[in-house]
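Just below is one structure, and these are the notes that go with it.
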Amino acid sequence: MMEEFQFATYEGDWVASQYCPATEADVDDILARLRKRTAPAYTEQGKFRLSSWPHPSNELPEGAYHKLFAQLLNQIVEAFAECFPEAYDSSTFCDTKFFPYDRSMADTNVSGEYPLKPKILLLQEDVAKGENASWQEVFLAVEIKGIWSDLIWQAATYARSLFAASDHRCFVPILALNYKTGESRLCFFHRSGLLATHAMQFTATMDGFRDFVATIVGMLFWDREVPQQAGFVPEQSATRFSLNIPISISTTFYVAVRKFADEQLLFMWSNAISSPRGAT
(Lines give C-alpha, C1' and ligand atoms only; values in the text may rest on other atoms or scores of the structure.)
Protein backbone atom coordinates (compact mmCIF):
# COMPACT_ATOMS: atom_id res chain seq x y z
CA MET A 1 0.00 0.00 0.00
CA MET A 2 2.79 2.45 0.84
CA GLU A 3 4.41 1.83 -2.55
CA GLU A 4 1.09 2.47 -4.30
CA PHE A 5 0.70 5.90 -2.67
CA GLN A 6 4.33 7.00 -2.76
CA PHE A 7 3.85 9.38 -5.69
CA ALA A 8 0.06 9.64 -5.63
CA THR A 9 -0.70 11.75 -2.55
CA TYR A 10 -1.60 15.42 -2.85
CA GLU A 11 -2.88 18.07 -0.49
CA GLY A 12 -4.11 21.62 -0.89
CA ASP A 13 -5.73 24.39 1.11
CA TRP A 14 -8.38 24.60 -1.64
CA VAL A 15 -9.56 21.01 -1.23
CA ALA A 16 -11.99 21.57 1.65
CA SER A 17 -13.65 24.57 0.00
CA GLN A 18 -14.15 22.61 -3.22
CA TYR A 19 -15.44 19.36 -1.76
CA CYS A 20 -16.99 20.63 1.49
CA PRO A 21 -18.03 24.24 0.87
CA ALA A 22 -19.54 26.17 3.77
CA THR A 23 -20.15 29.90 3.98
CA GLU A 24 -18.46 31.99 6.65
CA ALA A 25 -21.87 32.90 8.05
CA ASP A 26 -22.82 29.23 8.40
CA VAL A 27 -19.54 28.44 10.16
CA ASP A 28 -20.02 31.44 12.47
CA ASP A 29 -23.45 30.09 13.45
CA ILE A 30 -21.99 26.69 14.30
CA LEU A 31 -19.10 28.17 16.28
CA ALA A 32 -21.53 30.34 18.26
CA ARG A 33 -23.69 27.31 19.00
CA LEU A 34 -20.67 25.29 20.07
CA ARG A 35 -19.56 28.03 22.47
CA LYS A 36 -23.06 28.27 23.91
CA ARG A 37 -23.55 24.52 24.30
CA THR A 38 -20.16 23.21 25.34
CA ALA A 39 -17.67 26.10 25.53
CA PRO A 40 -15.20 23.94 23.58
CA ALA A 41 -12.40 26.50 23.37
CA TYR A 42 -10.76 29.29 25.28
CA THR A 43 -7.88 31.72 25.00
CA GLU A 44 -5.02 31.46 27.44
CA GLN A 45 -2.41 34.22 27.49
CA GLY A 46 -3.44 35.25 24.00
CA LYS A 47 -3.31 31.70 22.65
CA PHE A 48 -6.18 29.50 21.54
CA ARG A 49 -6.60 26.13 23.22
CA LEU A 50 -9.34 23.54 22.78
CA SER A 51 -10.43 23.09 26.38
CA SER A 52 -11.79 19.57 25.85
CA TRP A 53 -8.42 18.43 24.50
CA PRO A 54 -5.42 17.37 26.62
CA HIS A 55 -2.64 19.93 26.93
CA PRO A 56 0.42 19.06 24.77
CA SER A 57 2.42 18.60 27.96
CA ASN A 58 -0.05 15.92 29.08
CA GLU A 59 -0.20 13.60 26.07
CA LEU A 60 -2.46 10.60 26.65
CA PRO A 61 -2.27 7.10 25.13
CA GLU A 62 -3.74 6.88 21.64
CA GLY A 63 -6.86 5.05 22.80
CA ALA A 64 -7.94 7.99 24.96
CA TYR A 65 -8.34 10.17 21.87
CA HIS A 66 -10.93 7.87 20.27
CA LYS A 67 -13.67 9.01 22.66
CA LEU A 68 -12.46 12.63 22.75
CA PHE A 69 -12.47 13.01 18.98
CA ALA A 70 -15.83 11.25 18.59
CA GLN A 71 -17.34 13.59 21.20
CA LEU A 72 -16.02 16.67 19.39
CA LEU A 73 -17.35 15.45 16.05
CA ASN A 74 -20.77 14.67 17.53
CA GLN A 75 -20.91 18.13 19.11
CA ILE A 76 -20.44 19.64 15.65
CA VAL A 77 -23.12 17.35 14.19
CA GLU A 78 -25.57 18.27 16.97
CA ALA A 79 -24.88 21.98 16.50
CA PHE A 80 -25.44 21.59 12.76
CA ALA A 81 -28.77 19.81 13.33
CA GLU A 82 -29.91 22.65 15.60
CA CYS A 83 -28.74 25.48 13.32
CA PHE A 84 -29.86 23.96 10.02
CA PRO A 85 -32.64 21.42 10.69
CA GLU A 86 -33.85 21.25 7.07
CA ALA A 87 -30.31 20.76 5.72
CA TYR A 88 -29.68 18.11 8.37
CA ASP A 89 -32.86 16.23 7.45
CA SER A 90 -31.69 16.02 3.83
CA SER A 91 -28.03 15.39 4.69
CA THR A 92 -26.24 12.24 3.57
CA PHE A 93 -25.34 11.80 7.24
CA CYS A 94 -28.78 12.42 8.78
CA ASP A 95 -29.47 10.28 11.87
CA THR A 96 -25.87 9.09 12.16
CA LYS A 97 -23.39 9.38 15.01
CA PHE A 98 -19.67 8.93 15.52
CA PHE A 99 -18.93 5.88 17.68
CA PRO A 100 -15.53 4.81 19.02
CA TYR A 101 -14.91 1.35 17.54
CA ASP A 102 -11.33 0.00 17.42
CA ARG A 103 -12.11 -3.66 16.76
CA SER A 104 -12.20 -5.96 13.76
CA MET A 105 -14.76 -5.52 11.02
CA ALA A 106 -17.19 -8.29 10.12
CA ASP A 107 -16.11 -8.22 6.48
CA THR A 108 -13.04 -10.00 5.19
CA ASN A 109 -10.17 -7.60 4.60
CA VAL A 110 -9.91 -6.80 0.89
CA SER A 111 -6.14 -7.29 0.96
CA GLY A 112 -6.53 -10.49 2.96
CA GLU A 113 -3.57 -9.63 5.19
CA TYR A 114 -4.90 -8.81 8.66
CA PRO A 115 -8.12 -7.62 10.34
CA LEU A 116 -8.85 -3.92 10.01
CA LYS A 117 -9.76 -1.99 13.16
CA PRO A 118 -10.95 1.55 12.38
CA LYS A 119 -10.80 3.76 15.44
CA ILE A 120 -14.14 5.58 14.96
CA LEU A 121 -17.09 4.84 12.67
CA LEU A 122 -19.98 7.04 11.58
CA LEU A 123 -23.01 4.76 11.84
CA GLN A 124 -26.75 4.98 12.22
CA GLU A 125 -26.56 3.02 15.47
CA ASP A 126 -23.84 1.71 17.72
CA VAL A 127 -22.59 -1.85 17.39
CA ALA A 128 -23.22 -3.98 20.46
CA LYS A 129 -20.22 -5.06 22.48
CA GLY A 130 -18.83 -8.31 21.13
CA GLU A 131 -20.34 -7.75 17.68
CA ASN A 132 -18.66 -6.39 14.55
CA ALA A 133 -19.72 -3.76 12.06
CA SER A 134 -19.84 -4.32 8.32
CA TRP A 135 -18.26 -1.89 5.89
CA GLN A 136 -21.64 -1.69 4.18
CA GLU A 137 -23.01 0.02 7.31
CA VAL A 138 -20.25 2.64 7.46
CA PHE A 139 -20.93 6.22 6.39
CA LEU A 140 -17.45 7.45 7.31
CA ALA A 141 -14.37 5.93 8.92
CA VAL A 142 -11.88 7.76 11.14
CA GLU A 143 -8.26 6.76 11.70
CA ILE A 144 -6.10 8.01 14.58
CA LYS A 145 -2.33 7.65 14.86
CA GLY A 146 0.69 9.70 15.89
CA ILE A 147 2.67 9.52 12.61
CA TRP A 148 1.23 10.88 9.38
CA SER A 149 2.80 8.30 7.06
CA ASP A 150 1.42 5.39 9.11
CA LEU A 151 -1.92 7.15 9.45
CA ILE A 152 -2.37 7.68 5.71
CA TRP A 153 -1.36 4.13 4.91
CA GLN A 154 -3.88 2.74 7.40
CA ALA A 155 -6.63 5.08 6.20
CA ALA A 156 -6.03 3.85 2.66
CA THR A 157 -6.89 0.29 3.71
CA TYR A 158 -10.26 1.52 5.00
CA ALA A 159 -10.90 3.36 1.75
CA ARG A 160 -10.10 0.23 -0.24
CA SER A 161 -12.59 -1.74 1.84
CA LEU A 162 -15.30 0.91 1.39
CA PHE A 163 -14.70 0.91 -2.36
CA ALA A 164 -15.18 -2.86 -2.34
CA ALA A 165 -18.30 -2.64 -0.18
CA SER A 166 -20.15 -0.26 -2.48
CA ASP A 167 -20.52 0.08 -6.23
CA HIS A 168 -20.66 3.42 -7.99
CA ARG A 169 -18.04 5.29 -5.96
CA CYS A 170 -15.46 7.62 -7.44
CA PHE A 171 -13.95 8.65 -4.10
CA VAL A 172 -14.09 7.67 -0.43
CA PRO A 173 -13.63 10.28 2.33
CA ILE A 174 -11.68 9.20 5.42
CA LEU A 175 -11.12 11.52 8.37
CA ALA A 176 -7.60 11.38 9.83
CA LEU A 177 -6.36 12.62 13.20
CA ASN A 178 -2.73 12.92 14.24
CA TYR A 179 -3.19 12.96 18.00
CA LYS A 180 0.44 13.92 18.68
CA THR A 181 0.30 17.11 16.61
CA GLY A 182 -3.39 17.89 17.18
CA GLU A 183 -3.94 18.08 13.42
CA SER A 184 -6.67 16.61 11.26
CA ARG A 185 -7.08 16.07 7.53
CA LEU A 186 -10.09 14.98 5.51
CA CYS A 187 -8.69 12.56 2.94
CA PHE A 188 -10.37 11.83 -0.38
CA PHE A 189 -9.14 8.50 -1.70
CA HIS A 190 -9.91 8.02 -5.38
CA ARG A 191 -8.95 5.58 -8.10
CA SER A 192 -5.69 7.39 -8.81
CA GLY A 193 -4.47 8.04 -5.27
CA LEU A 194 -5.20 10.54 -2.53
CA LEU A 195 -6.27 14.17 -2.40
CA ALA A 196 -6.29 15.64 1.12
CA THR A 197 -7.08 18.89 2.85
CA HIS A 198 -4.26 20.79 4.49
CA ALA A 199 -3.38 19.78 8.05
CA MET A 200 -5.86 21.60 10.28
CA GLN A 201 -4.33 22.41 13.68
CA PHE A 202 -7.68 22.47 15.44
CA THR A 203 -6.48 22.08 19.03
CA ALA A 204 -4.16 25.09 19.33
CA THR A 205 -5.04 27.73 16.69
CA MET A 206 -8.33 29.50 16.08
CA ASP A 207 -7.78 29.41 12.31
CA GLY A 208 -7.17 25.67 12.45
CA PHE A 209 -10.24 25.08 14.62
CA ARG A 210 -12.37 27.16 12.28
CA ASP A 211 -11.06 25.30 9.22
CA PHE A 212 -11.79 21.98 10.89
CA VAL A 213 -15.34 22.96 11.86
CA ALA A 214 -15.94 24.42 8.38
CA THR A 215 -14.81 21.17 6.77
CA ILE A 216 -17.13 19.02 8.88
CA VAL A 217 -20.01 21.46 8.36
CA GLY A 218 -19.44 21.47 4.61
CA MET A 219 -19.50 17.67 4.63
CA LEU A 220 -22.78 17.68 6.59
CA PHE A 221 -24.28 19.86 3.85
CA TRP A 222 -23.85 16.96 1.39
CA ASP A 223 -27.39 16.23 0.22
CA ARG A 224 -28.56 12.64 -0.08
CA GLU A 225 -30.40 13.68 -3.25
CA VAL A 226 -27.04 14.66 -4.77
CA PRO A 227 -24.98 11.50 -4.10
CA GLN A 228 -22.08 12.78 -6.21
CA GLN A 229 -21.20 15.17 -3.37
CA ALA A 230 -20.28 12.18 -1.18
CA GLY A 231 -18.45 10.35 -3.96
CA PHE A 232 -21.30 8.18 -5.22
CA VAL A 233 -21.90 8.14 -8.97
CA PRO A 234 -25.07 6.11 -9.70
CA GLU A 235 -24.42 5.98 -13.43
CA GLN A 236 -20.91 4.58 -12.98
CA SER A 237 -20.47 0.95 -14.00
CA ALA A 238 -17.76 -1.54 -14.82
CA THR A 239 -17.42 0.00 -18.28
CA ARG A 240 -17.93 3.66 -17.40
CA PHE A 241 -15.82 5.69 -14.99
CA SER A 242 -16.10 9.21 -13.62
CA LEU A 243 -13.23 11.27 -12.20
CA ASN A 244 -13.86 13.24 -9.02
CA ILE A 245 -12.70 16.58 -10.41
CA PRO A 246 -14.58 19.64 -9.07
CA ILE A 247 -15.67 21.51 -12.18
CA SER A 248 -15.24 24.86 -10.43
CA ILE A 249 -11.45 24.51 -10.30
CA SER A 250 -10.02 26.93 -12.85
CA THR A 251 -7.52 24.65 -14.47
CA THR A 252 -7.16 22.49 -17.54
CA PHE A 253 -7.25 18.73 -17.44
CA TYR A 254 -5.94 16.65 -20.30
CA VAL A 255 -7.36 13.16 -20.43
CA ALA A 256 -6.42 10.57 -22.99
CA VAL A 257 -7.89 7.11 -23.26
CA ARG A 258 -6.28 4.47 -25.38
CA LYS A 259 -6.97 0.83 -26.11
CA PHE A 260 -4.46 -1.70 -24.87
CA ALA A 261 -4.92 -5.44 -24.42
CA ASP A 262 -8.69 -5.01 -24.60
CA GLU A 263 -8.66 -2.70 -21.58
CA GLN A 264 -9.27 1.03 -21.32
CA LEU A 265 -6.30 2.81 -19.76
CA LEU A 266 -6.87 6.33 -18.60
CA PHE A 267 -4.14 8.91 -18.12
CA MET A 268 -4.64 12.27 -16.50
CA TRP A 269 -2.40 15.29 -16.16
CA SER A 270 -3.37 18.39 -14.25
CA ASN A 271 -1.62 21.70 -13.93
CA ALA A 272 -3.54 22.27 -10.69
CA ILE A 273 -0.88 20.31 -8.82
CA SER A 274 2.72 21.29 -9.37
CA SER A 275 4.44 18.30 -7.80
CA PRO A 276 3.50 15.18 -5.84
CA ARG A 277 3.85 15.26 -2.09
CA GLY A 278 4.21 12.10 -0.09
CA ALA A 279 2.64 11.73 3.33
CA THR A 280 4.94 13.02 6.05
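Taking the conditions exactly as written (farther than 25 Å from Val226 by Cβ, surrounded by fewer than 18 Cβ atoms within 10 Å (Cβ to Cβ) and at pLDDT 80 or above), does Asp102 satisfy them or not? I'd like the intermediate steps shown before the answer.
Numbers: farther than 25 Å from Val226 by Cβ: yes; surrounded by fewer than 18 Cβ atoms within 10 Å (Cβ to Cβ): yes; at pLDDT 80 or above: yes.
Yes: the conditions hold for Asp102.
Within region 132-142, is there a residue that is crowded, with 23+ Cβ neighbours inside 10 Å, in contact (Cβ under 8 Å) with a residue 24 or more places away in the chain, within 30 Å of Ala25 (Cβ to Cβ) and touching a Phe, Trp or Tyr at 6+ places or on another chain (Cβ under 6 Å)?
No, region 132-142 contains no residue that is crowded, with 23+ Cβ neighbours inside 10 Å, in contact (Cβ under 8 Å) with a residue 24 or more places away in the chain, within 30 Å of Ala25 (Cβ to Cβ) and touching a Phe, Trp or Tyr at 6+ places or on another chain (Cβ under 6 Å).
Tally up the residues in region 201-218 that are closer than 23 Å to Pro56 by Cβ, touching a residue at least 40 places away in the same chain (Cβ under 8 Å) and either of a type in the set (Val, Ile, Thr) or in a strand (DSSP E or B) (or both), please.
5
Give the residue that is surrounded by the fewest Cβ atoms within 10 Å (Cβ to Cβ), with candidates limited to residues of region 73-92 that are more than 19 Å from the chain's Cα centre (by Cα) and part of a loop (DSSP other than H, G, I, E, B).
Selected residue: Ser90.
Return yes when Glu131 is within 27 Å of Asp89 (Cα to Cα) and part of a loop (DSSP other than H, G, I, E, B) and no when it is not.
no
Just one of Thr96, Thr157 is modelled with pLDDT under 95 and of a type in the set (Val, Ile, Thr); which is it?
On the way: Thr96 fails: modelled with pLDDT under 95.
Checking each option against the conditions leaves just Thr157.
Only one of (1) under 16 Å from Asp211 (Cα atoms); (2) aliphatic (A, V, I, L, M); (3) at pLDDT below 80 is not met by Ala39, so which one is it?
Among (1) under 16 Å from Asp211 (Cα atoms); (2) aliphatic (A, V, I, L, M); (3) at pLDDT below 80, the lone unmet condition for Ala39 is (1).
Looking for something within 12 Å of the chain's Cα centre (by Cα), assigned to a helix (DSSP H, G or I), at pLDDT below 95 and of a type in the set (A, V, I, L, M) - is there at least one such residue anywhere in region 164-183? Reasoning before the result, please.
Let us first name the residues in region 164-183 that are within 12 Å of the chain's Cα centre (by Cα), namely 171-177.
Now restrict to residues that are assigned to a helix (DSSP H, G or I): none.
No, every residue in region 164-183 fails to be within 12 Å of the chain's Cα centre (by Cα), assigned to a helix (DSSP H, G or I), at pLDDT below 95 and of a type in the set (A, V, I, L, M).
Any chance you could count how many residues in region 157-200 are out of contact with any Pro (no Cβ under 7 Å at 6 or more places or on another chain), aromatic (Phe, Trp, Tyr) and free of Cβ contacts under 8 Å to residues at least 60 places away in the same chain?
2
This table checks each residue for (1) of a type in the set (Asp, Glu); (2) at pLDDT 85 or above; (3) out of contact with any Lys or Arg (no Cβ under 6 Å at 6 or more places or on another chain); (4) surrounded by 14 or more Cβ atoms within 10 Å (Cβ to Cβ).
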position: Phe221; (1), (2), (3), (4): no, yes, yes, yes
position: Val226; (1), (2), (3), (4): no, yes, yes, no
position: Gly231; (1), (2), (3), (4): no, yes, no, yes
position: Gln236; (1), (2), (3), (4): no, no, yes, yes
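From the list Leu151, Leu195, which one is within 13 Å of the chain's Cα centre (by Cα) and in a strand (DSSP E or B)?
On the way: Leu151 fails: in a strand (DSSP E or B).
Testing whether each residue is within 13 Å of the chain's Cα centre (by Cα) and in a strand (DSSP E or B) leaves just Leu195.
Being of a type in the set (D, E, K, R), at pLDDT 95 or above and closer than 18 Å to Pro173 by Cβ narrows it down to one of Lys67, Lys119, so name that one. Give the steps one after another, and end with the answer.
Values: Lys67 fails: closer than 18 Å to Pro173 by Cβ.
Only one candidate qualifies: Lys119.
Within region 161-212, how many residues turn out to be charged (D, E, K, R) and either surrounded by 19 or more Cβ atoms within 10 Å (Cβ to Cβ) or closer than 25 Å to Asp28 by Cα (or both)?
Residues of region 161-212 charged (D, E, K, R): 167, 169, 180, 183, 185, 191, 207, 210-211.
Filter once more, keeping what is either surrounded by 19 or more Cβ atoms within 10 Å (Cβ to Cβ) or closer than 25 Å to Asp28 by Cα (or both): 169, 183, 185, 207, 210-211.
Going through region 161-212 one residue at a time, the tally reaches 6.
Do we have Asp95 as within 20 Å of the chain's Cα centre (by Cα), closer than 26 Å to Gln201 by Cβ, surrounded by fewer than 16 Cβ atoms within 10 Å (Cβ to Cβ) and acidic (Asp, Glu) here? Reasoning before the result, please.
Numbers: within 20 Å of the chain's Cα centre (by Cα): yes; closer than 26 Å to Gln201 by Cβ: no; surrounded by fewer than 16 Cβ atoms within 10 Å (Cβ to Cβ): yes; acidic (Asp, Glu): yes.
The answer is no for Asp95.
Among (1) part of a helix (DSSP H, G or I); (2) surrounded by fewer than 17 Cβ atoms within 10 Å (Cβ to Cβ); (3) among the aliphatic types (A, V, I, L, M), where does Ala70 come up short?
Tallying (1) part of a helix (DSSP H, G or I); (2) surrounded by fewer than 17 Cβ atoms within 10 Å (Cβ to Cβ); (3) among the aliphatic types (A, V, I, L, M), Ala70 fails exactly one: (2).
The values are calculated or read from the model by the stated rules, or taken from the named source; none is laboratory data. Being a predicted model, the structure only gives us computed values, none of them experimental. Ideal geometry is used to build each Cβ from the backbone, glycine not excepted, and the neighbour counts take in all protein chains shown.
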